[in-house]
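Written below as structure tokens is the structure these notes are about.
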Amino acid sequence: MSQIKDIALAPSGELKIRWVERNMPVLRALGADFAKTKPFAGLKVALSVHLEAKTAYLCRVMEMGGAEMYVTGSNPLSTQDDVAAALAAGGMQVFARHGCTMEEYEQCLCEVLKVGPQIIIDDGGDLVHLMHTKYPEHIAGVIGGCEETTTGIHRLRAMAKAGELRFPMVMVNEADCKHLFDNRYGTGQSVWDGINRTTNLIVAGKTVVVSGYGWCGKGVSLRAKGLGAKVVVTETDPVRALEAVMDGYEVMPMADAAKIGDLFITVTGCSGVITREHFETMKDGAILTNAGHFDVEVDMAGLRAMACREYEARHNIQAFELPNGKTIFTIAEGRLVNLAAGDGHPAEIMDMSFAIQALSAEYLAAHRGELQPGLIAVPRELDEAVARRKLRAMNVSIDTLSEEQAAYLGV
């Protein structure tokens, strides 16, 4: 039985889901296909993704394909209670509530694994980790799973390297139609949506420090530049640091950036990016945000420990008065700012990402029993199929290779 905040919130959530459905043409078309072919008939699917409207529509598309859906969120602060209620009102099993404790969050994850799912759709790796450590008796029944994000891929690679990954996992994040658009344009826009709606402050003229220059960092930096900020990038990878320099940004260590930044955005997927040594040298009024999956990039525990006083400065903004007389602000408790302080990526972007998810799950179902435990790349034909569908939806036509050209290129 579903565990949500309030089923009476369902009408509001239903409006959100209908809005994104209108703006997700690729996923909508897949839903129509799945309704005919029923690729997931008789299969239980456990899903842990940030539970907002786009995710809810993915769940419904999977359900159209015959899946028995068991749904939870992938972050205690990113669940939208009205969306969870809308799914539950439609008969889906949902275990998620905004603002739950870490213990409650893990219990929700456990609820979707107790049923013994055949397919897992994960965002960040928590479901896969718990399946291996807490419910190993269900592993034999798992056909495979799909991982949505960079952090989850890192965890899966570590498990695979250690010989611990016991079923196939498709690396959805590595697909071009995912990371080239979701991570760059989706993160780039949604991070600033979350920051701007939460702070109501101008970006132009400020020094914005972006830590990490992967695809997400590139998107965040580009949008900061477009908003009129002076952008400083911090990196540990020399190649990415060189990219940032040639893209026109100033690059320096965090120890130096901490002294000049007005607004900080971590997007590294690593821990301990901004720590006590940095807090001590920051400007009065510096604002710290995190766009990485887990709340480990900004040392929130260290900040709380050194603060003389902590209080809510504005909804979703915490203030920390330090012994040196300066005040530092954090947004959404250091959690994923675009979802814990916003609605996440635009619907048109998640249309591609979730189409890759749905097609990857279909690929697993179609090849059950044929795939070995380990990491699987998204088949190139799925990537190209999503791109072609998206171009058609945007009324964009492209050229086709002639037989002679194809022969020349060897394709």
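The table that follows gives values for the structure above.
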| read-out | value |
| --- | --- |
| Residue in the stretch 169-189 that is assigned to a loop (DSSP other than H, G, I, E, B), in contact (Cβ under 8 Å) with a residue 12 or more places away in the chain and either closer than 30 Å to I139 by Cα or aliphatic (A, V, I, L, M) (or both) present | yes |
| Sole exception among (1) more than 22 Å from A332 (Cβ to Cβ); (2) surrounded by fewer than 22 Cβ atoms within 10 Å (Cβ to Cβ); (3) under 20 Å from the mean Cα position of the chain (by Cα) for S271, by number | (1) |
| Enumeration of residues in the stretch 206-242 that are buried (at least 18 other Cβ atoms within 10 Å of the Cβ), in contact with a Phe, Trp or Tyr (Cβ under 8 Å, 6 or more places away or on another chain) and assigned to a helix (DSSP H, G or I) | G219, V220, S221, R223, A224 |
| Output for the stretch 89-115, where each listed residue is closer than 29 Å to D33 by Cβ and open to solvent by 20 Å² or more (accessible area, probe 1.4 Å) | A89, G90, G91, Q93, V115 |
| Any chance G248 is at pLDDT below 95 and farther than 23 Å from T199 by Cβ | no |
| Filter result (part of a helix (DSSP H, G or I) and buried (at least 24 other Cβ atoms within 10 Å of the Cβ)) within the stretch 60-81 | V61, M62 |
| Subset of the stretch 72-92 (residues that are modelled with pLDDT of 95 or more and in contact with a Phe, Trp or Tyr (Cβ under 7 Å, 6 or more places away or on another chain)) | T72 |
| Test: G124 is touching a Gly at 6+ places or on another chain (Cβ under 7 Å) and either open to solvent by 40 Å² or more (accessible area, probe 1.4 Å) or at pLDDT below 95 (or both) | yes |
| Wholly enclosed helices (runs of 4 or more DSSP H) of the stretch 303-411 bearing at least 2 residues free of Cβ contacts under 8 Å to residues at least 40 places away in the same chain and open to solvent by less than 80 Å² (accessible area, probe 1.4 Å) | 380-393, 403-409 |
| Options G248, G272, G188, G226; residue that is in contact with a Lys or Arg (Cβ under 7 Å, 6 or more places away or on another chain) and of a type outside the set (K, R) | G188 |
| Residue count, the stretch 277-302 (criterion: surrounded by 14 or more Cβ atoms within 10 Å (Cβ to Cβ) and assigned to a helix (DSSP H, G or I)) | 4 |
| Enumeration of residues in the stretch 175-205 that are more than 18 Å from S353 (Cα to Cα) and open to solvent by 50 Å² or more (accessible area, probe 1.4 Å) | D193, N196, R197, N200, L201, I202, G205 |
| Filter pass, A140 being in contact (Cβ under 8 Å) with a residue 60 or more places away in the chain and either touching a Phe, Trp or Tyr at 6+ places or on another chain (Cβ under 7 Å) or assigned to a helix (DSSP H, G or I) (or both) | no |
| Which listed residue is among the hydrophobic types (A, V, I, L, M, F, W, C), under 22 Å from the mean Cα position of the chain (by Cα) and at positive phi, from A355, A332 | A332 |
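Yes/no matrix, rows are residues, columns are (1) in contact (Cβ under 8 Å) with a residue 12 or more places away in the chain; (2) assigned to a helix (DSSP H, G or I); (3) surrounded by fewer than 17 Cβ atoms within 10 Å (Cβ to Cβ); (4) touching a Leu at 6+ places or on another chain (Cβ under 6 Å):
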site: S12; (1), (2), (3), (4): yes, yes, yes, no
site: R18; (1), (2), (3), (4): no, yes, yes, no
site: E21; (1), (2), (3), (4): yes, yes, no, no
site: L27; (1), (2), (3), (4): yes, yes, no, no
site: L30; (1), (2), (3), (4): yes, yes, no, no
site: A35; (1), (2), (3), (4): yes, yes, yes, no
site: A41; (1), (2), (3), (4): yes, no, yes, no
site: H50; (1), (2), (3), (4): yes, no, no, yes
site: A56; (1), (2), (3), (4): yes, yes, no, yes
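The values are calculated or read from the model by the stated rules, or taken from the named source; none is laboratory data. Predicted model only: the values in this text are computed from it and were never measured. Please note: Cβ atoms are built from the backbone with ideal geometry, for glycine as well, and neighbour counts cover all protein chains shown. In case anyone asks, the SASA skips ligands and DNA or RNA and just uses the protein heavy atoms, side chains included. Shrake-Rupley method; radii C 1.70, N 1.55, O 1.52, S 1.80 Å.
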